[in-house]
Amino acid sequence: MAIQQPATRPANPRFSSGPCAKPPTHDLAKLADAPLGRSHRAAVGKAKLLAAIEETREILGIPADYKIGIVPASDTGAFEMAMWSMLGERPAQMVAWESFGAGWVTDVAKQLKIEHSVHTAEYGEIVDMTALNYDNDVCFTWNGTTSGVRMANGDAIPGDRAGLTLCDATSAAFAMDLPWDKLDVTTFSWQKVLGGEAAHGMLILSPRAVERLENYTPPWPLPKIFRLTKGGKLIDGVFKGETINTPSMLAVEDYLFALDWARSIGGLKGLIGRADANTAAITQFVNDNDWIDFLAIDPATRSNTSVCLKFTDDRIKDGAAFAKAIAKRLADEDVALDVGAYRDAPAGLRIWCGGTVETSDIQAMLPWLSWAFESEINA
C-alpha cells in the first residue's frame, strides 16, 4: 500500500556535507564586484584577499598575533601543508575517530614515516583526549565530518604543552566555539559551514607554530605549494593575501559575501545558534521515532553540523542497501539531496545542519524521511 506523501517540501533540499548549502540570501548577481580578469597580485586583488583574512579573524575571534593564510587545495591542502612543514621535530600522536583523521594517520605513517603513535576510536565514539602526551605533537579533527562526533571542548589540552596541536576544523569553524589558545595549527575550507566554493583552504598559525616553522627544517623536500618559510623566516606575505598560487577571485568574492552574511545574522554566535536549532529539530525527530538514532553515542560529543544517523529497525536485513534506498527516494522526490553516509562510514544518513541551512527546511524534510522509511519497509 502506498504511503501518503507529506504536503510540505523544503524550500531548499540541499543538505550536502560539502560543498554545503549557500547562505539563504545568496545570489550570483551579488558577486558582480569580483575583479575578474585582473591579477590577484594587483592592488584590488590583494585587498580582497586581505579582507577575507581579516574578516575571518573578526568573526571567529582569532587572536591578533595568530597568522591566517589562504592556501591551495582546500582543507586537505592546508592540513598536509602543516604536517609536512612542521612534523618530525618530536614524536607525533595521531588521533582519529573517523575517515579524515584516519587519512592524516596514513600520511604520517606511510609518507613522512616519523616516530608516532596512533589513537583511534570506533565510529560514534571519540578518543580520550586526556590520555595523550602533549609534549608530543598532536594531530586531530575537531569535528568528525563522516562520524558526526565532535570535541565537546578543549579542556584536555594543557596550556603549558611542549608540542604543537594540529587541528583539522573544517566542519567546525563557524559553527563551534574553538579555543584558540589550545590550537597551534587550525585548518578549514570555505566549502563547509559558510557554503563557500571549494579548492581554497585556510591555515591559522599560533605564535608557537610560527616559531616551529622558523626554527625547524624537516628532513624531506617540500613542494613549492607547501613552503611557508624562506631563509629561516616566515614568508609573511602569505598571511597578508599574497597567496602561494593563483586563487579564484570569483571564489574569494563568494567567500566575502558569505562572511558579510554571517556578520548580518550575529556573527559566530548567530551561526552557532542556527546550527544548534537545526540539530535540535533532528534530535526531536530521533526522540519521537524508535527506528532511527544518532551514530554519535554521547550527546555531549554530537556534531551540530554533520549529523550522522543510523537505522535501528530489526526488520532491516541489509543496512547499506536500505540506507542507499532511503537516500535515493529522498533525492528522487527532490526533498533531500546528498544525504547518504560517507562511503567509509557505517550505513546510514548524514544531514548537514550548518548555519546556512534553514531550520524550516530541516523541519519540512523530516516528515519525508518518515515517508521514505515506511515506503522502503513496505517495499
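Brief remarks follow.
- Pairwise FRET efficiency - Ala29 versus Gln284, Cβ, R0 = 41 Å, nearest 0.05: 0.65
- Compared with the direct C-alpha span, the chain from Lys328 to Lys110 gains 74.8 nm at full extension, assuming 0.36 nm per residue.
- Full extension of the chain segment joining Leu337 with Arg263 gains 23.9 nm, where the gain is 0.36 nm per residue of separation less the Cα-Cα distance.
- Size of the stretch 122-243: Rg and Dmax of its alpha carbons, in Å, are 15.5, 45.
- Charge-dipole axis of the chain as Lys and Arg at +1 and Asp and Glu at -1 on Cβ define it, positive-most pick from Asn143, Ala175, Ile59: Ile59
- Spherically averaged projected area in nm², based on the convex hull that wraps the Cα atoms of the stretch 22-137: 11.0
- Exceeding the 20 Å Cα-Cα cut-off - candidates Lys67/Lys240; Lys67/Lys230; Lys22/Lys46: Lys22/Lys46
- Charging the Cβ of each Asp and Glu at -1 and of each Lys and Arg at +1, and nothing else, the dipole of the stretch 80-128 about its Cα centre rounds to 240 debye.
- Think of each Lys and Arg Cβ as +1 and each Asp and Glu Cβ as -1; about the Cα centre, that makes the dipole of the stretch 202-277 roughly 260 debye.
- Residue among Ala296, Ala372, Ile244 farthest towards the positive dipole end of the chain, charges placed on Cβ: Ile244
- For the chain, the share of accessible area belonging to carbon and sulfur comes to 50 percent (1.4 Å probe, ligands and nucleic acids excluded).
- Divided by 2.2 N^0.38 Å, where N counts the residues, the Cα radius of gyration of the stretch 308-379 comes to 1.07.
- ³J(HN,Hα), Karplus 6.51/-1.76/1.60, whole Hz, each residue of the stretch 86-94, x for Gly, Pro: 10, 6, x, 5, 8, x, 10, 10, 9
- Label-to-label distance, nm, for residues given as Arg57 and Ile377 (7 Å Cα→Cβ offset): 5.5
- Highest average first, the peptides 149-156, 161-168, 21-28 ordered by how many other beta carbon atoms sit within 10 Å of their residues are 161-168, 149-156, 21-28.
- Helical runs assigned H by DSSP (4 residues or longer) give the chain a calculated mean residue ellipticity at 222 nm of -10500 deg cm²/dmol, each run adding -39500 (n - 2.57) before division by the residue total.
- Charge dipole (debye, nearest 20) of the chain; +1 at Cβ of Lys and Arg, -1 at Cβ of Asp and Glu: 1120
- Semi-axis lengths (Å, descending) of the ellipsoid that matches the C-alpha gyration tensor of the chain: 36, 26, 17
- Rounded to the nearest whole Hz, the Karplus-based 3J(HN,Hα) values (6.51 cos²θ - 1.76 cosθ + 1.60, θ = phi - 60°) of the stretch 342-356 follow the sequence 4, 4, 8, 8, x, 4, x, 10, 9, 10, 6, 10, x, x, 7, with x at glycine and proline.
- Degrees between helix 249-264 axis and first principal axis of the chain (Cα, 0 to 90, nearest 10): 70
- Surface per residue (accessible, 1.4 Å probe) for the chain, Å²: 41
- Our estimate of slack between Thr8 and Asp177, defined as 0.36 nm per intervening residue step minus the Cα-Cα distance, is 57.4 nm.
The values are calculated or read from the model by the stated rules, or taken from the named source; none is laboratory data. Keep in mind that what you see is a predicted model, and the values were worked out from it rather than measured. Cβ atoms come from the backbone with ideal geometry, glycine included; neighbour counts cover every protein chain shown. Just so you know, the surface numbers come from the protein's heavy atoms only, side chains and all, with ligands and any DNA or RNA stripped out. Shrake-Rupley method; radii C 1.70, N 1.55, O 1.52, S 1.80 Å.
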